[in-house]
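The values are calculated or read from the model by the stated rules, or taken from the named source; none is laboratory data. A quick note: this is a predicted structure, and the numbers were derived from the prediction, not measured. For neighbour counting, all protein chains shown are included, and Cβ atoms are generated from backbone atoms with ideal geometry for every residue, glycine included. SASA here: full protein model, heavy atoms, side chains in, ligands and nucleic acids out. Shrake-Rupley method; radii C 1.70, N 1.55, O 1.52, S 1.80 Å.
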Amino acid sequence: MDVGAVRAAIEAHERYLTGRRNGRRACLAYVDLSAFDLSGANLTEADLTGAVLEGADLSGAQLERASLYGADLRDADLRHCDLSRSDLRGACLRGRTCPAPTCGAATCARGARPCTTPARD
């Protein structure tokens, strides 16, 4: 998926979240988003199941209740992103820039693969 298509999906998702016309939930499942700049994006309730987010900039992103089941978040920048109630079961979080200050009830503690590389601050 190219940058324009990802941006269009995020814009439609924001319309979905605010109840505006032509809005639809972002379905970025299994999409390769490696090294994408998604900083500050509102991806609340987005479907990112199995997405490859290796090296992506998610700093300040809103990912509340997002499905990140099985996502590859290696080396992703998660500083100041909100992962409250996100599904991180089976997600790979090795080498991520963290900690994310708002993890709320994210399911990462029970299901995410343990990191063998310490988080970078």
Open item on the list: With a 1.4 Å probe and all protein chains left in place, how much accessible area per residue does region 1-96 have, in Å²?
Closed with: 47 Å²
Task: Simple spin-label estimate for R7 and R25 in nanometres, 7 Å along Cα-Cβ - done: 2.6 nm
Task: Size descriptor, Kirkwood hydrodynamic radius, that averages inverse alpha-carbon separations across region 1-85, Å - done: 12.4 Å
